[in-house]
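The values are calculated or read from the model by the stated rules, or taken from the named source; none is laboratory data. Given the structure is predicted, the values throughout are model-derived calculations rather than measurements. All Cβ positions, even for glycine, are placed from backbone atoms using ideal geometry, and neighbour counts span all protein chains on display.
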Amino acid sequence: MLELKHVSFEVNDETSQKEIIHDISVVIPDERFVVITGPNGGGKSTLARLIAGIEKPTEGQILLDGEDITQMSITERAKAGISFAFQQPVRFKGIQVLDLIRIASGKRLSPADACQYLSEVGLCARDYINREVNASLSGGELKRIEIATVLARGTKLSVFDEPEAGIDLWSFQNLIEVFERMQKKIHKSSIMVISHQERILNIADEIIVLANGQIREQGSREDILPGLLGTPSAVNACQKLQGGN
């Protein structure tokens, strides 16, 4: 279980101070597929980065299964059980997909074992297991390989920052199918996705609407989604659920 207690985050430059996240308190229980949505610039990606440890809160606490991880580094949080998937996955020239999955799992997996993770994200293992993680892979392929590494890690919380960014419609369809499978198999862990996409919102167990650095709404998909889709103000606020961050 992830818990944020009165978390705030601000940035400073030479002339001004701006608060990006303001006094957020929220609990993400185990075995939940949670989607965070809201208007551009509302703080969604910043919140994801705070959870992953890329940024540190100005105020408040972040707890994972009751342990205070607020001051932990990215590496320490990864060891504690948090995975983070970037909008644009990193390419690793000279590293094969098999090596990347082995590194993620922390085990000397056999090629057959590694192939199972590729199969779970809809990739033909035979075609990808020995490929380099470089520019020869499309954005959609990289996204699914990155998800395979998250599955191989088997972490308590997996955070995906706008996974639909930069991929074509065909790849997006495959991505949705991957998330649907993950949602059905979720066990003793949680999945958090930052997204505007209606099809991702449609498979959420819970939706959090973030605007101006604050939580505006939180609840089940059945309670929140009709309002996002049905009222002009909500649709405009979420940019018809199709915008970026």
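Within segment 1-24, the residues that satisfy the criterion of being outside any loop (DSSP other than H, G, I, E, B) and free of Cβ contacts under 8 Å to residues at least 40 places away in the same chain are Val11, Asn12, Gln17, Lys18. Just checking, does segment 22-37 include any residue being of a type in the set (Ser, Thr, Tyr), under 19 Å from the mean Cα position of the chain (by Cα), surrounded by 19 or more Cβ atoms within 10 Å (Cβ to Cβ) and within 28 Å of Ile207 (Cβ to Cβ)? Yes, segment 22-37 contains a residue that is of a type in the set (Ser, Thr, Tyr), under 19 Å from the mean Cα position of the chain (by Cα), surrounded by 19 or more Cβ atoms within 10 Å (Cβ to Cβ) and within 28 Å of Ile207 (Cβ to Cβ).
Between Ile200, Ile207, Ile145, Ile215, which is outside any loop (DSSP other than H, G, I, E, B), of a type outside the set (Lys, Arg), in contact with a Leu (Cβ under 8 Å, 6 or more places away or on another chain) and farther than 22 Å from Arg91 by Cα?
On the way: Ile200 fails: in contact with a Leu (Cβ under 8 Å, 6 or more places away or on another chain); Ile145 fails: farther than 22 Å from Arg91 by Cα; Ile215 fails: in contact with a Leu (Cβ under 8 Å, 6 or more places away or on another chain).
Ile207 is the lone residue from the list that is outside any loop (DSSP other than H, G, I, E, B), of a type outside the set (Lys, Arg), in contact with a Leu (Cβ under 8 Å, 6 or more places away or on another chain) and farther than 22 Å from Arg91 by Cα.
Selection of segment 96-118 for residues being free of Cβ contacts under 8 Å to residues at least 24 places away in the same chain, surrounded by 13 or more Cβ atoms within 10 Å (Cβ to Cβ) and hydroxyl-bearing (Ser, Thr, Tyr) yields an empty set. Across segment 134-151, which residue is surrounded by the most Cβ atoms within 10 Å (Cβ to Cβ) among those that are of a type in the set (Gly, Ala, Ser) and touching an Asp or Glu at 6+ places or on another chain (Cβ under 9 Å)? Looking at residues that are of a type in the set (Gly, Ala, Ser) and touching an Asp or Glu at 6+ places or on another chain (Cβ under 9 Å), I get Ala148.
Condition check ((1) modelled with pLDDT of 90 or more; (2) charged (D, E, K, R)) across all residues:
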position	(1), (2)
Met182	no, no
Glu198	yes, yes
Leu210	yes, no
Ile215	yes, no
Asn245	no, no
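Quick one: is Ser138 more than 17 Å from the chain's Cα centre (by Cα) and modelled with pLDDT of 85 or more? Taking the combined requirement at face value, the residue satisfies it. Residues in segment 27-47 include none that are assigned to a loop (DSSP other than H, G, I, E, B), modelled with pLDDT of 90 or more, of a type in the set (A, V, I, L, M, F, W, C) and within 30 Å of Ile224 (Cα to Cα). The set of residues in segment 99-134 that are in a helix (DSSP H, G or I), aliphatic (A, V, I, L, M) and under 22 Å from Ser171 (Cβ atoms) comprises Leu100, Ile101, Ala104, Ala114, Leu118, Ala125. If the condition is being touching a residue at least 12 places away in the same chain (Cβ under 8 Å), part of a helix (DSSP H, G or I), out of contact with any helix residue (DSSP H, G or I) (no Cβ under 7 Å at 6 or more places or on another chain) and farther than 16 Å from Leu142 by Cβ, then segment 154-193 contributes Glu177, Glu180, Met182, Gln183.
For segment 65-84, which residues satisfy the criterion of being of a type outside the set (Lys, Arg) and either crowded, with 20+ Cβ neighbours inside 10 Å or part of a loop (DSSP other than H, G, I, E, B) (or both)? Reasoning before the result, please.
Going through segment 65-84, the residues of a type outside the set (Lys, Arg) turn out to be 65-76, 78, 80-84.
Across segment 65-84, the qualifying residues are Asp65, Gly66, Ile69, Thr70, Gln71, Met72, Ser73, Gly81, Ile82, Ser83, Phe84.
The set of residues in segment 43-64 being crowded, with 18+ Cβ neighbours inside 10 Å and under 17 Å from Ser25 (Cβ atoms) consists of Gly43, Lys44, Thr46, Leu47, Ala48, Leu50, Ile51, Pro57, Ile62, Leu64. Checked against the criterion of being hydroxyl-bearing (Ser, Thr, Tyr), buried (at least 17 other Cβ atoms within 10 Å of the Cβ) and closer than 20 Å to Lys44 by Cα, the candidates Ser220, Ser158 yield just one match: Ser158. Of everything listed in (1) more than 13 Å from the chain's Cα centre (by Cα); (2) hydrophobic (A, V, I, L, M, F, W, C); (3) under 20 Å from Ile51 (Cα atoms); (4) surrounded by 17 or more Cβ atoms within 10 Å (Cβ to Cβ), the single unmet condition for Val178 is (3).
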